[in-house]
Amino acid sequence: MKLLLLAFLMTTLSSLADGELRHLVFFKFSDTATPEKIERVEKAFAELPEKIDTIVAFEWGINISKEQKDKGFTHAFQLTFKDQAGLDAYLPHPAHKAFGAKLAGLIDDVFVFDYIAK
């Protein structure tokens, strides 16, 4: 039984390691964030793949859901990394840190969700 459980865990972990890592970021902008300031944030975020080579794909969009379950979050950004090491290199990267500094006073809340693509 223990051998079967060990084999299952090894197979599961192996399959998790094979998929790309998706890093989802959702922003709820503050009332003081003007459309011009929000546009600068969008542009700055979209420039990160040019500055950080571990980002293999990037896309973003503005919420258009009619369900009204967004809890005030208006913007979604999806970054794809080859693996966890790619995300680990991205997080402390100076370009990412500089981008984060641009958000001061503009964001009421941020939600981040990472997963391995299946």
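The values are calculated or read from the model by the stated rules, or taken from the named source; none is laboratory data. Since the structure is predicted, the reported quantities are computational estimates derived from the model, not experimental observations. Cβ coordinates were reconstructed from backbone atoms using ideal geometry, including for glycine residues, and neighbour counts include every protein chain displayed.
In table form, for the structure just shown:
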{"item": "Scope the range 54-82; condition more than 15 Å from VAL41 (Cα to Cα), among the aliphatic types (A, V, I, L, M) and under 14 Å from the mean Cα position of the chain (by Cα); matching residues", "result": "ILE55, VAL56, ALA57, LEU79"}
{"item": "Positions within the range 98-118 being in contact (Cβ under 8 Å) with a residue 24 or more places away in the chain, within 18 Å of GLU42 (Cα to Cα) and among the small types (Gly, Ala, Ser), in sequence order", "result": "GLY105"}
{"item": "Single residue of the range 30-61 satisfying the filter (modelled with pLDDT of 95 or more and of a type in the set (Val, Ile, Thr)) that is surrounded by the most Cβ atoms within 10 Å (Cβ to Cβ)", "result": "ILE55"}
{"item": "Residue in the range 84-101 that is assigned to a strand (DSSP E or B), small (Gly, Ala, Ser) and either modelled with pLDDT of 95 or more or within 14 Å of the chain's Cα centre (by Cα) (or both) present", "result": "no"}
{"item": "Restricting the range 62-97 to residues that are acidic (Asp, Glu) and either in contact (Cβ under 8 Å) with a residue 60 or more places away in the chain or over 12 Å from HIS23 (Cβ atoms) (or both), the residue that is surrounded by the most Cβ atoms within 10 Å (Cβ to Cβ)", "result": "ASP83"}
